[in-house]
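Encoded as structure tokens, the structure appears first; notes follow it.
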Number of protein chains: 2
Amino acid sequence: MAPILVDNSNSNLPERDNYVNNAFGYVKNPHLDLLSEDILYHFDLGTRTHDLPSMFGDVKFVCVGGSPNRMKDFAIFIQQELGLDGDGSDITDICAGTDRYSMYKAGPVLSISHGMGIPSISIMLHELIKLLHHAKCKDVTIIRIGTSGGIGIEPGTVVITDIAVDAFFRAQYEQVILDKVVIRNTQLDQKLAESLLRCSKEINDFPTIIGHTMCTYDFYEGQGRLDGALCSFSKEEKCEYLQKAYIAGVRNIEMESSVFAAMCHLCGLKAAVVCVTLLDRLQGDQITHSHGVLTEFQRRAQKLISSFIKKQLHMCT
Amino acid sequence: MAPILVDNSNSNLPERDNYVNNAFGYVKNPHLDLLSEDILYHFDLGTRTHDLPSMFGDVKFVCVGGSPNRMKDFAIFIQQELGLDGDGSDITDICAGTDRYSMYKAGPVLSISHGMGIPSISIMLHELIKLLHHAKCKDVTIIRIGTSGGIGIEPGTVVITDIAVDAFFRAQYEQVILDKVVIRNTQLDQKLAESLLRCSKEINDFPTIIGHTMCTYDFYEGQGRLDGALCSFSKEEKCEYLQKAYIAGVRNIEMESSVFAAMCHLCGLKAAVVCVTLLDRLQGDQITHSHGVLTEFQRRAQKLISSFIKKQLHMCT
């Protein structure tokens, strides 16, 4: 995502919400209801082949993250935390017919992997939002549980995103639609972010903050890393860039939050981004902590989300 | 991808190749040789933990594709085609310690999954190019074997990309580096493309053409689909856009070719993109062919690449 000088006067104007709402709130596509069958290709699910309302009608929370294994672990963890029947062996991949994404369900909680980067999560979100539409789900909260690089904060800190910004620290996401481009709002649900911060204070087990999250299209040159296959800048230029990001309010960097915030905002899905930081980019570029330490870091966001979901379900934590 | 009006006079200038070559040709990063250890985080490999030259020193062909299962199938297929020892059960995931990517090796052929979208393949390419550098590999040919949507051609046609274009039909890739943006060349190796086309003519089993490939950041709105969770345009506007793409020489659409072409070009890796088309986007948006038909389509590109590799290795086909 880089500057394209498009011959299009709309190309840097905020998007007007000229979408048509369908019968159920989340989908905004008048063509969809005209389809005799909707194949959710990357989930290997479809409206003719699967009874989506009975499979997913009770979903109230959708948790998404990059790694299939991590999202399976989370589904097993939340099954235990919610005291649901089953020993984890019954948590099987609903999308087993494809290896594009993995999906697991534990009671009202759906846990889905989205791969790495904006395009990968955007495909998953389109098909998830259609799934929620076909299943007639209501009052759904969606939370991205991710990993990230921190800026000026202790590794292991959990960052709850208030707003996603791009590589130029602007709170916007640009969506190409045919040969036009629209600018989308990347604000996340402020009340949800504050509720999650309160949960973390109650757990009182690891540092948690609310801050801006920078979302990039690239892990190496795009995040100012000196350890990629290509690097044309100095350590000083890198540090100057990351310092500018810190001054702009950025506390962590990842690769999915902007389109996640934009699509959820537009579709009326209550959304949060909760990422643990694996390193402090002001100190280095490589992720050198042991596997055990990194696993414990990743458990932190999962504990926080579990505590939040239990509260929402009026279960004592 | 999307227009950002960056306050930066370099933002739409072609990149000058001001990269420093390292001892081995593919990496262009003077900082890399200063690292005491290089952890290829998303491969779960490293220079201290693994003997990369002995593991990968003999690699001459790298084949990459989105799906882990498809790339494992390809590794088993090429092992048989090259008459190598083993029944396929010895083809195991070299990156088993992570679920970000999968990697398989059959003699001189490495088969790696890259997930979906430009950011996902770019992380894999950075770490692959560093791996080839650490393993001291030379004269490597890299081929993306993918799936795509066709424009105005019969589903099942194999498209060999001559040049990757963006959503505005421009033969360029924009890379954000710190707060600047550079424009990169997306030309692929013309001789390699022609050799692949000749191979296909000899196989004479399925239609194969050379054409432009449009690389987008999004599968739904970004490719003019009417069946996403969000759609604000009409069928007529969609068709007009795809017709414009056809007139501009675009024969298929996928989501990785531009950064693949740009990085390989810059690093001096001989590269090709060979994608089978699963549908004709002028006829519809949904992928409705049976699993069996789609599997046979995907085998076509694999047969072509196998035939090419055998020729290069001076084996009769």
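The values are calculated or read from the model by the stated rules, or taken from the named source; none is laboratory data. Just so it is clear, the structure is predicted and the values come from calculations on it, not from any experiment. Note that each Cβ is placed from the backbone with ideal geometry, even for glycine, and that neighbours are counted across all protein chains shown. Heads up: the accessible areas ignore ligands, DNA and RNA and are worked out on the full protein's heavy atoms, side chains in. Shrake-Rupley method; radii C 1.70, N 1.55, O 1.52, S 1.80 Å.
Quick notes on this one:
Matching residues to (1) farther than 26 Å from A:G25 by Cα; (2) outside any strand (DSSP E or B); (3) open to solvent by 10 Å² or more (accessible area, probe 1.4 Å):
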site: A:H133; (1), (2), (3): no, yes, yes
site: A:G146; (1), (2), (3): yes, no, no
site: A:G149; (1), (2), (3): yes, no, no
site: A:I153; (1), (2), (3): yes, yes, yes
site: A:G156; (1), (2), (3): yes, yes, no
site: A:I163; (1), (2), (3): no, no, yes
site: A:A167; (1), (2), (3): yes, yes, no
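- Restricting the stretch A:120-157 to residues that are at positive phi and charged (D, E, K, R), the residue that is nearest to the other protein chains (Cβ to nearest Cβ): A:K136
Quick grid of which residues meet (1) open to solvent by 10 Å² or more (accessible area, probe 1.4 Å); (2) over 19 Å from A:R100 (Cβ atoms); (3) within 14 Å of the chain's Cα centre (by Cα):
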residue	(1), (2), (3)
B:V250	no, yes, no
B:C267	no, yes, no
B:A271	no, yes, yes
B:T277	no, no, no
B:D280	yes, yes, no
B:L294	yes, no, no
B:Q298	yes, no, no
B:A301	no, no, yes
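- Those residues of the stretch B:185-222 which are more than 14 Å from chain A (Cβ to nearest Cβ), in contact (Cβ under 8 Å) with a residue 40 or more places away in the chain and part of a loop (DSSP other than H, G, I, E, B), in sequence order: B:L188, B:D189, B:D205, B:F206, B:P207
- For the stretch B:78-90, the candidate set comprises residues that are surrounded by fewer than 21 Cβ atoms within 10 Å (Cβ to Cβ) and touching a helix residue (DSSP H, G or I) at 6+ places or on another chain (Cβ under 6 Å); within that set, the residue that is nearest to B:E127 (Cα to Cα) is B:G88.
Residue-wise test of (1) facing another protein chain (nearest Cβ under 10 Å); (2) open to solvent by 40 Å² or more (accessible area, probe 1.4 Å); (3) modelled with pLDDT under 75; (4) at negative phi.
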| site | (1), (2), (3), (4) |
| --- | --- |
| B:P3 | yes, no, yes, yes |
| B:S9 | no, yes, yes, yes |
| B:N12 | yes, yes, yes, yes |
| B:Y19 | yes, no, yes, yes |
| B:V27 | yes, no, no, yes |
| B:L35 | yes, yes, no, yes |
| B:T49 | no, yes, no, yes |
| B:P53 | no, yes, no, yes |
| B:V64 | no, no, no, yes |
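- For the stretch B:208-231, residues that are in contact with a Lys or Arg (Cβ under 9 Å, 6 or more places away or on another chain) and open to solvent by 20 Å² or more (accessible area, probe 1.4 Å) total 5.
- Options A:G97, A:G115; residue that is in contact with a helix residue (DSSP H, G or I) (Cβ under 7 Å, 6 or more places away or on another chain), within 14 Å of chain B (Cβ to nearest Cβ) and open to solvent by 10 Å² or more (accessible area, probe 1.4 Å): A:G115
- Annotation note: of A:L266, A:L226, the sole residue that is within 10 Å of chain B (Cβ to nearest Cβ), of a type in the set (A, V, I, L, M, F, W, C), assigned to a loop (DSSP other than H, G, I, E, B) and in contact with an Asp or Glu (Cβ under 8 Å, 6 or more places away or on another chain) is A:L226.
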